[in-house]
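Undergrad: I'd like to ask some things about the structure below.
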Amino acid sequence: MSLISKLKGLLGIGAKPANEEPKPAKSGQVGASEQEVEKVAEENAKPRIGYIHLSGCTGDIMSLSENYDILAELLTNMVDIVYGQTLADVWEMPEMDLALVEGSVCLQDEHSLHELMEVREKAAMVCAYGSCSATGCFTRYSRGGQQARPDHESFVPIADLIKVDCAIPGCPPSPEIIAKTVVALINGDMDYLQPMIDLAGMTEGCGCDLQKYVVNQALCIGCGTCAMACQTRAVSMTNGRPEVNGDRCVKCGICYVQCPRSWFPEEQIKKDLGL
Amino acid sequence: MVLGTYKEIVSARATDKQIQKVSQDGGIVTGLLAFALEEKIIEGAVVAGPTDEFWKPEPMVAMSADEIIAAAGTKYTFSPNVMMLKKAVRQYGIEKLGTVAIPCQTMGIRKMQSYPFGVRFLADKIKLLIGIYCMENFPYASLETFISEKMGVSMEMVEKMDIGKGKFWVYTQDEVLSIPLKETHGYEQSGCNVCLDYVAELGDVSTGSVGSPDGWSTVITRTDGGDSIFKQAVEAGAFETKDIANVKPGLDLLQKLSAQKKEKNQKTIDKRKEMGLPVPF
Amino acid sequence: MSERIVISPTSRQEGHAELVMEVDDEGIVTKGRYFSITPVRGLEKIVTGKAPETAPVIVQRICGVCPIPHTLASVEAIDDSLDIEVPKAGQQLRELTLMAHDINSHAIHHFLIAADFVPENLMAAAINSVSEIRKNAQYVVDMVAGEGIHPSDVRIGGMADNISELARKRLYARLKQLKPKVDEHVDLMIGLIADKDLPKGLGVHNQPTLASDKIYGDRTKFDLDRFTEIMPESWYDDAEIGHRACSTIPLYDGVNVEVGPRARASVFGGFKDQGVVAQHVARAYEMKTALSRAIAILDDLDTSAPAQADFDITGTNKLGIGAIEGPRGLDVHMSQIANGKTQFYSALVPTTWNIPTMGPATEGFHHEFGPHVIRAYDPCLSCATHVIVVDDEDSSVIKNEMVRL
């Protein structure tokens, strides 16, 4: 069985019937799934990764490249970059274990639509990489009318068009989260990847999430994590509650993603701290 | 497990007279941050600093022992310290950072360290996270209500606030006033009511007055880093310690209060779930 | 007979583009056309009608490779529209940000062209050298501008904050230490590019160069009267390419130009060489210039001085111009503010200038060298999408109806 179909099975995705593969490894579950992951990791420690650029700014892949101390190791020994115009001279999209898709998709651009459909076919795992791809980010504000292509008007997160297996939001995602994700992937650490899998369903992000899903839900404790996390400094704190400056919000979703009251990975934190 | 995973628990107080004078209890937070700064374990710390408004703190970056000491003492309202961490490592240029946080703030920091989705080059710069025990936190207007309305004292007259022995205390220049804690119930922010962490279980070191005699604090060391820094500080004479088994009221009280918080707030969580409201824990 | 070679999308650059070359029997390019096929997200239209503060936040997301010049050109244009005088420390911190970014961006380009010039046995060393330089350069951008990729703290009127004395000393020491590393890196790259033995004259063209300043950018050296812009449909003599092309064609004195490190060296440094090798050499040397300037700024910076001016956001509808010399060349943003909102916004970015020049620069050599010519410009295609601007006779106001042209 190929690595690709194994990964698909582990993630519970793809066309294969569920009974042919072990169930997805959920947090805290032990047994067959973990062994399977270890086996996969042994058989192929170098995931084949492709990078697909849609309507993004390339900042996300730039961020990946800021893993300075491990970049040479990452590119030569840890993963195989099998596709990606920014990085390699390959024009035919090959089969991939993981496709990092940067950018939202323009509904008026046939080239982008075609590429997105192709990547879904060729990649075992499709990752919405960066907020444009995951939530639409600031391209949510696009409304066409600009030369040379005034018809380019509608930009949507890729999950609006294809099934997305995991998401790494951020404008851009930090270098560290990318390194952590790649390492988890190589080690088959599905517990670590679970939040990324869960976030694949979050296709809308906005500073107003803090108000709607935290303050309105009686969950805010005024810790200031959202204000710290905001990459455009759109969030400040007023009387212990987030104040979002809509003039600076790019709808990346990071304030809510980092909020300790949106989801809380207690087990992972304790593991990381040795507690 | 009611006190989280830890290495050691002792009763301690800072030996520095100046710190003793300004600190809430044993001066652990002030003393440990000042020690870490002195020893270059950290280059600065985010603390709840004073503002023009009485008892309304604001996070600030302290880069000297004097600035840390100026921020000593507990404030029973919001100081969103986490928000200043990034600026501390950016414009302030700090590479090794310390901070003090209540349990919910430690959660925001630790989550960012494990999953730094949009936060670059900050996670590994936090070298010392001191957690403080916390039952609940109050909006500023709630504090005003207790103090101005219930106790009849204006905020600017207050020299110290404290919670202990079942009461909320206010010290002015010439009086000591208190109201029973049950009179403060319902004035806390409601986000506190789903929190299961009393003793800052994710800090490098956690501390608070509960369990130790007046003027002393109970210190829990948790991570390798936290344990090592605290031990260095004790060895250097920055703190004197007592075996927690030999002090009153002792560990039992700390365990009791922690268990109470968990039990009470678990009920809130269960009730929320029944109503279909989200709960992150 | 003539054959057509299409490279689509062109690789190891930012964004999507196509290179279409007509070649003769020997494979020599007789006609080269290079054009962007990156979708147009319409950032200029996004920021129009919104608060001025929105513009720099959004337009820096034109591109994640060169976000700094876009941010700077944006705030400079708004400063100009609102007649804001930026305090000295704010201006120094802006320039420091650009210098660090130049070093970073040029290093990234060396990473992207490594496969063209660096032998296998030196590859790991070259990547590590690039990483080491970028790490230090980005350390500066993080501290001074808030975020290394999309800078949060470059603001209208200056910078959100000055840096601390600790930060200044730390950055000064780091950059001083970086100097021998950058010198060594520049020598290595120039040596390897020379070793490649590219055909003499590759990439040489007859178009003029355009630059506003040696280092930072100067709005007074960009003359709006001499600038026109036309649609790809009337530029490319191939109707299909004209339609598919996603960027407009800017002209200066009625002709297409070259911008970037070689243009700056030629206008302000008496640099006479042309073509692919000259572009690489000029780019590499700029890393040294930028580093020296950054160190000088850090030496002089008063960290207790204010970094941001007070200003009134209302505006008088004055056409403000921001001209920044980005790593890839002159980046001009224009902003008009009235009633506290952006009334008009336009960004004329480096790669847009270069696009019409890059295709013809492939002509006269074997088509296999085509991609070399393109990469020598370090093109950045996400940037190169843009609304048309036409200069008015009296050059006072750029009118919206001209967009229809």
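Undergrad: Which of the residues belonging to region A:137-164 are more than 11 Å from chain C (Cβ to nearest Cβ), part of a loop (DSSP other than H, G, I, E, B) and either on the phi > 0 side of the Ramachandran plot or crowded, with 24+ Cβ neighbours inside 10 Å (or both)?
TA: Once the filter is applied, which keeps residues that are more than 11 Å from chain C (Cβ to nearest Cβ), part of a loop (DSSP other than H, G, I, E, B) and either on the phi > 0 side of the Ramachandran plot or crowded, with 24+ Cβ neighbours inside 10 Å (or both), region A:137-164 yields A:157, A:164.
Undergrad: Tell me which residues, restricted to region B:15-43, are among the hydrophobic types (A, V, I, L, M, F, W, C) and either surrounded by 21 or more Cβ atoms within 10 Å (Cβ to Cβ) or at positive phi (or both).
TA: The answer is B:19, B:28, B:29, B:32, B:33, B:34, B:35, B:36, B:37, B:42.
Undergrad: Here's a follow-up. Please work out if residue A:33 is farther than 18 Å from residue A:200 by Cβ, among the small types (Gly, Ala, Ser), surrounded by fewer than 23 Cβ atoms within 10 Å (Cβ to Cβ) and modelled with pLDDT under 50.
TA: yes
Undergrad: I've got another one for you. Taking residue A:145 as the residue in question, decide whether it is free of Cβ contacts under 8 Å to residues at least 12 places away in the same chain and more than 30 Å from residue A:261 (Cα to Cα).
TA: Values: free of Cβ contacts under 8 Å to residues at least 12 places away in the same chain: yes; more than 30 Å from residue A:261 (Cα to Cα): yes.
When the stated conditions are applied, residue A:145 passes them.
Undergrad: Mind checking whether some residue in region B:193-206 is more than 17 Å from the chain's Cα centre (by Cα), among the β-branched types (Val, Ile, Thr) and within 12 Å of another protein chain (Cβ to nearest Cβ)?
TA: Yes: one or more hits.
Undergrad: Go through (1) within 10 Å of another protein chain (Cβ to nearest Cβ); (2) outside any loop (DSSP other than H, G, I, E, B); (3) buried (at least 20 other Cβ atoms within 10 Å of the Cβ); (4) modelled with pLDDT of 95 or more for residue C:101 and report which single condition fails.
TA: Just one mismatch for residue C:101, condition (1).
A quick yes/no check of all residues on (1) crowded, with 17+ Cβ neighbours inside 10 Å; (2) part of a loop (DSSP other than H, G, I, E, B); (3) facing chain B (nearest Cβ under 8 Å):
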{"position": "A:205", "(1), (2), (3)": "yes, yes, no"}
{"position": "A:212", "(1), (2), (3)": "no, no, no"}
{"position": "A:250", "(1), (2), (3)": "yes, yes, no"}
{"position": "A:256", "(1), (2), (3)": "yes, no, no"}
{"position": "A:264", "(1), (2), (3)": "yes, yes, yes"}
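Undergrad: Only one residue in C:193, C:163, C:156 is under 23 Å from the mean Cα position of the chain (by Cα), closer than 30 Å to residue C:75 by Cβ and crowded, with 16+ Cβ neighbours inside 10 Å. Which one?
TA: C:156
Undergrad: Hey, another quick one. Could you tell me whether region C:273-282 includes any residue that is assigned to a strand (DSSP E or B), within 30 Å of residue C:35 (Cα to Cα) and not aliphatic (A, V, I, L, M)? Show your work before the answer.
TA: Filtering region C:273-282 down to residues assigned to a strand (DSSP E or B) leaves none.
No, region C:273-282 has no match at all.
Undergrad: Looking at region A:229-244 only, could you name the residues that are out of contact with any Asp or Glu (no Cβ under 8 Å at 6 or more places or on another chain) and surrounded by fewer than 18 Cβ atoms within 10 Å (Cβ to Cβ)?
TA: A:238, A:239, A:243
Undergrad: Any residue at all in region C:88-96 that's over 24 Å from residue C:136 (Cα atoms) and either within 17 Å of the chain's Cα centre (by Cα) or part of a helix (DSSP H, G or I) (or both)? Break it down into steps so the answer makes sense when it comes.
TA: Just the residues of region C:88-96 that are over 24 Å from residue C:136 (Cα atoms), to begin with: C:88.
Add one more test, that the residue is either within 17 Å of the chain's Cα centre (by Cα) or part of a helix (DSSP H, G or I) (or both), and what stays is C:88.
Scanning region C:88-96, I find at least one residue that is over 24 Å from residue C:136 (Cα atoms) and either within 17 Å of the chain's Cα centre (by Cα) or part of a helix (DSSP H, G or I) (or both), so the answer is yes.
Undergrad: Do we have residue B:143 as crowded, with 16+ Cβ neighbours inside 10 Å, farther than 30 Å from residue A:267 by Cα and either in contact with a His (Cβ under 6 Å, 6 or more places away or on another chain) or within 12 Å of chain A (Cβ to nearest Cβ) (or both) here?
TA: Values: crowded, with 16+ Cβ neighbours inside 10 Å: yes; farther than 30 Å from residue A:267 by Cα: yes; either in contact with a His (Cβ under 6 Å, 6 or more places away or on another chain) or within 12 Å of chain A (Cβ to nearest Cβ) (or both): yes.
Yes, satisfied.
Undergrad: Before we move on, is residue C:58 in a helix (DSSP H, G or I), modelled with pLDDT of 95 or more and more than 9 Å from chain A (Cβ to nearest Cβ)?
TA: no
Undergrad: Hey, among the residues in region A:165-190 that are farther than 16 Å from residue A:49 by Cα and in contact with an Asp or Glu (Cβ under 7 Å, 6 or more places away or on another chain), which one's surrounded by the most Cβ atoms within 10 Å (Cβ to Cβ)?
TA: A:172
Undergrad: Quickly run through region B:207-234 and pick out the residues that are polar (S, T, N, Q), buried (at least 17 other Cβ atoms within 10 Å of the Cβ) and away from chain A (no Cβ under 14 Å). I'd like the intermediate steps shown before the answer.
TA: Of the residues in region B:207-234, the ones polar (S, T, N, Q) are B:207, B:209, B:212, B:217-218, B:221, B:223, B:228, B:232.
Okay, now just the ones that are also buried (at least 17 other Cβ atoms within 10 Å of the Cβ), so B:207, B:209, B:212, B:217-218, B:221, B:223.
Across region B:207-234, the qualifying residues are B:207, B:209, B:212, B:217, B:218.
Undergrad: Shifting gears a bit: For region C:283-320, give me each residue that is crowded, with 20+ Cβ neighbours inside 10 Å, out of contact with any Gly (no Cβ under 8 Å at 6 or more places or on another chain) and over 19 Å from residue C:171 (Cα atoms).
TA: Scanning region C:283-320 gives C:284, C:286, C:319, C:320.
Undergrad: State whether one or more residues within region C:111-120 are outside any helix (DSSP H, G or I) and away from chain B (no Cβ under 13 Å).
TA: The answer is yes; a qualifying residue exists.
Undergrad: For region A:53-86, how many residues are modelled with pLDDT of 85 or more, among the hydroxyl-bearing types (Ser, Thr, Tyr) and part of a helix (DSSP H, G or I)?
TA: Count: 1.
Undergrad: Within region B:146-198, which strands (runs of 3 or more DSSP E) (wholly inside it) include 1 or more residues that are surrounded by fewer than 15 Cβ atoms within 10 Å (Cβ to Cβ)?
TA: Ranges flagged: B:160-164, B:176-180.
Undergrad: Check every one of the strands (runs of 3 or more DSSP E) wholly within region B:21-112 and list those with 2 or more residues that are more than 14 Å from chain A (Cβ to nearest Cβ) and of a type in the set (Gly, Ala, Ser). Quick ask: steps written out before the conclusion?
TA: Working: elements: B:44-49, B:58-62, B:97-101.
The strands (runs of 3 or more DSSP E) meeting that bar are B:44-49.
Undergrad: How many of the residues in region C:250-267 are part of a helix (DSSP H, G or I) and either over 17 Å from the mean Cα position of the chain (by Cα) or charged (D, E, K, R) (or both)?
TA: 2
The values are calculated or read from the model by the stated rules, or taken from the named source; none is laboratory data. No experiment lies behind these values; they were computed from the predicted model shown. Every residue, glycine as well, gets a Cβ built from its backbone with ideal geometry; the counts of neighbours run over all protein chains shown.
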